[in-house]
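*Asks:* A single structure is presented below for examination.
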Amino acid sequence: MIVLQERKREQSPVALMHTLFTSSSDMATEGTEIAEETDQMIEQKEPENPAPALMDPKEMRAVLLTGFGGLNKLKLTKKPMPEPQEGEVKIRVKACVMKMGPIGDESDSGLNFLDLMVRQGNIDNPPKTPLVPGFECSGIVESVGDNTKGFEIGDRVMAFVNYSAWAEVVCTPLDFVYKIPDDMTFSEAAAFSMNFVAAYMMLFEVASLREGMSVLVHSAGGALGQAVAQLCSTVPSVTVFGTASASKHDAIKHSVTHLFDRNIDYVPEVKKISPEGVDIVLDCLCGENTGKGLALLKPMGRYILYGSSNMVTGETKSFFSFAKSWWQVEKVNPIKLYEENKAMAGFSLLNFLFKQGGCRQVQSVVQKLLSLYEQKKIKPVVDSLWALEEVKEAMQRIHDRGNIGKLILDLEKSPTPLMANDSTETSEAGEEEEEQEGDNENKERMPFIQ
């Protein structure tokens, strides 16, 4: 400005106007050049932070089991979207429950010991990996294959799947798909099918439960144990004996008649209340409990083995612990069964469905159960909801026997950060999970996966 003022004194008005105009033009030109240079810098930086790529509509998210072993064998990945074949229904999954082997081993939840046994490679004829685990889900019908009748796009359904349920989309034969009531949530539907069907068939079609009978069920705090207790309440004067972790007693004490700590010898406790024993034993533990269960049976009683969670200890399977559990299984003498008028049976719902052609019988049971649900006589118990990204943490909760009811994978849920320490874990619902009392010798403590 000082220089400009000095020039003002020396120059004529015309020259002065020319100088001012030239200076303004230079400033405008310089401003334009700076703006252009800034735009170029922005354009150069944009490729460094591109917008997130949209997911290919022909792909879906799924949990993959890459091999048998520890939790590190599970990973979230992308897979091609399946399309329904003739007679199949394509379902957009809203909720699913993890099962990786034939039920049976429904001991504490949907994310259950069966899953652990398959993941650890401890079942006969395991499937080949890699694979997408899971056997039951709920969701909305997205399309149907040729010659598929009875379902329309938009129907709310629950379904059994022969593996591959831990994914955003599944396809399964229409014989394994069932419409759900309008007031049933997708989480309830996912928790409903497997446990209530298994409980109903064992109680009423294998054991012939009737008025005045007594039932002993292990893992009473699990989803199937709670289903058994609810179904028993639909029959007059049925006495339910249950075993469960001491930490679960307060939550489930109103659902069973007599409740015992799973770590004590429950046989003398049952005999104090019912000296003759019980009419029905539902055993998901196996091992030494097989002999105890048979000994507790009344004449004309029925022992049903539907799992073997005692065969699973720790994050990886110990051959010696497996051998110990197997050695404790009492050798059943058929002559002794004959003399004592006792019956022994086994039950695997998924084998019955997928290998033995039992879908029609299961369809009939589902309709009876949905009627009981609509009458408000039964209701599935959901422990907690987990995102697909949290599958490892959910598995850990099963290892620690921390759940009451089913753990559900909610496909619309965002993952929640979880904190871990040496003694307790907290789920996304804020519930502390207590370490299993008396089980430290039988398992390795595994922290939640961060």
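The values are calculated or read from the model by the stated rules, or taken from the named source; none is laboratory data. Here the structure is a predicted model, which is why all the values come from computation and not from measurement. Positions of Cβ are generated from backbone atoms using ideal geometry, with glycine treated the same way; all protein chains shown enter the neighbour counts. The protein model used for the area step is the full one, side chains on, heavy atoms only, and it has no ligands, DNA or RNA in it. Shrake-Rupley method; radii C 1.70, N 1.55, O 1.52, S 1.80 Å.
*Asks:* Using the Cα atoms of the range 169-213, I'd like the radius of gyration and the largest Cα-Cα distance, Dmax, both in angstrom.
*Replies:* In order Rg, Dmax, the Cα atoms of the range 169-213 give 14.0, 45 Å.
*Asks:* Taking only protein heavy atoms and a 1.4 Å probe, what accessible area per residue, in Å², does the range 192-252 have with all protein chains in place?
*Replies:* Details: 1450 Å² over 61 residues.
Value returned for the range 192-252: 24 Å² of accessible area per residue.
*Asks:* How long is the gain from Ala246 to Asp146 if the chain were fully straight, where each residue apart is worth 0.36 nm and the alpha carbon distance is subtracted? Kindly include the intermediate steps, with their values, before the conclusion.
*Replies:* Numbers: separation 100, 0.36 × 100 = 36.00 nm, distance 5.23 nm.
Extra length available between Ala246 and Asp146 comes to 30.8 nm.
*Asks:* Please tell me the relative contact order of the range 192-282 in percent, rounded to the nearest whole number, where contacts are Cα pairs under 8 Å and at least six residues apart. Working shown, then result.
*Replies:* Values: 129 pairs, mean separation 27.9, N = 91.
The value is 31 percent.
*Asks:* Still on this model: Between Ile264 and Ser208, what FRET efficiency comes out of the Förster formula 1/(1 + (r/R0)^6) with R0 = 25 Å and r the beta carbon distance, rounded to 0.05? Intermediate results must be reported in sequence, preceding the final value.
*Replies:* Working: r = 30 Å, r/R0 = 1.20.
Plugging the Cβ-Cβ distance into 1/(1 + (r/R0)^6) gives 0.25.
*Asks:* Just the accessible area per residue of the range 131-185, please: how many Å² with a 1.4 Å probe? Spell out each step's value before the answer.
*Replies:* Working: 2010 Å² over 55 residues.
I get 37 Å² per residue for the range 131-185.
*Asks:* For Glu288, tell me the accessible area in Å² from a 1.4 Å probe, rounded to the nearest 10.
*Replies:* Estimated to the nearest 10 Å², Glu288 gives 90 Å².
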